[in-house]
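Each value in this text was obtained by applying a stated rule to the coordinates, not by laboratory testing. Treat the numbers as computed from the prediction; the structure is a model and nothing was measured. Neighbour counts are summed over all protein chains in view; Cβ atoms, including those assigned to glycine, are modelled from backbone coordinates with ideal geometry.
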Amino acid sequence: MKIGIFKPGKTVYFKDNSADYAGWSFEVVKFFYLLKRHGHDVSMLSDNDTYPVVSTDNVFDRVFVFCGVFTDKDKAELDKIYNLSIRIDYIFTDYKLKPHLNMYTDWYTQSPNVYTYCQFEQLVTLDFKFKDTIEESIAKKDDSKYRYYFGGGERGRTNDFFEYVWRPDCTLSGKSTTLGFDNRVGYKEHQSNMKKAKYGIVIADVEYNTVNWLTPRYYENIMNDVISFVDCKYDNAELMIQKDDFRRVSNYLELAEKMNTLDENPVLYRHILEKQRTELTPKMIVGDNIYNHIFKHDS
């Protein structure tokens, strides 16, 4: 199948994503390689640092448009795609960037409550392998200056940002309009920071929690052997984590108490790390969950 991928408004970094401060590249890159692995002829129709940008004047069997902020140029290119290609689908990964519904055949999302849920939040785990043993990972955490880390901004979640993140023991890379600071780092450095940390928290925009919109952060924590604490308002459908899991917290005080408990109980700490690792299933790592959802009607 001849497939095109279009990402509006941003350059997609296949090689060096240090300039990618919001993680917009990895989902496009991983999806690109997932499709190629299944034998498709895949082309990039928008700016990137590796592959030639194929003209949108070509006819494709299927085009996937990732969400983003469309420039006038992007809109013109999308009009060409709409007039020439057989099927256009929207990869809807940011709930604030809602699509123009009449243009797309389907809208693949990260929520079981919104359009076609395809478990896209799991894409971050594609081809992942732990490089360190549990023992090696724990030793590196013990030597690190990062105990509790969060990368992300205040946007859409001000109350939870100040409840969990704006705390003396939290190393923060992010942005706050209320406080007037922006110390965001590139995606590569963000992952390096996570690798050093023992603990992290998963919080989401208020609107995200309302529709049960999931994000990759939970899996990113696990991939970096970070104990992934999760706010109680997140993932009400329990698709990632059960409501009675030890890592569920309702406020910073509870989070701090549980971090102290794990610091004082290395056996329990190791047990949770081991359990987290098992959550990255073989089917998830090869991308079957996502691929089968999106191509279930194709031969």
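Values as computed for the structure displayed
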item	result
Share antiparallel - DSSP beta bridges, region 134-279, percent rounded to 5	15 percent
The chain - share of DSSP beta bridges that are antiparallel (%, nearest 5)	5 percent
Rounded tilt (10° steps) of 187-196 against the dominant C-alpha axis of the chain	20 degrees
Ranked Arg147, Arg157, Arg217, criterion: other C-beta atoms within 10 Å, fewest first	Arg147, Arg157, Arg217
Amide H contacts of Ile227 (H built 1.01 Å from N, under 5 Å, at least 5 apart or other chain)	Tyr199, Gly200
Ordering of 265-273, 199-207 by packing [mean C-beta count within 10 Å, highest first]	199-207, 265-273
Neighbour-count order for His100, His190, His40, fewest beta carbons within 10 angstrom listed first	His100, His40, His190
Residues in region 112-143 reached by a label modelled at Arg87 [backbone nitrogen below 16 Å; 7 Å Cα→Cβ]	116-118
Cα centroid separation, region 258-291 to region 201-257 (Å)	13 Å
Phi to ³J(HN,Hα) by Karplus 6.51 cos²θ - 1.76 cosθ + 1.60 over region 132-143, Hz, x for Gly, Pro	9, 6, 4, 4, 5, 5, 4, 4, 5, 5, 5, 8
Overall dimensions of the chain as given by Cα atoms, namely Rg and Dmax in Å	19.8, 62
Extended-chain gain in nm, criterion 0.36 nm per residue less alpha-carbon gap, Arg147 and Asp41	33.7 nm
Selected from Val206, Asn265, Gly153, residue furthest toward positive end of dipole (region 134-279; charges at beta carbon)	Gly153
Most positive-pole-ward Cα, Leu280, Ser176, Tyr252, against dipole of the chain from beta carbon charges	Leu280
Contour excess over end-to-end distance, with Cα ends at Ile134 and Thr178 and 0.36 nm allotted per residue	11.9 nm
Placed amide H near Ser43: partners under 5 Å, 5+ positions off or other chain	Ile3, Gly4, Ile5
The chain: angle of helix 72-84 to the longest principal axis, Cα-based, in degrees nearest 10	60 degrees
Projected label distance in nm at Arg167 and Ser250, using a 7 Å step from Cα toward the beta-carbon	1.6 nm
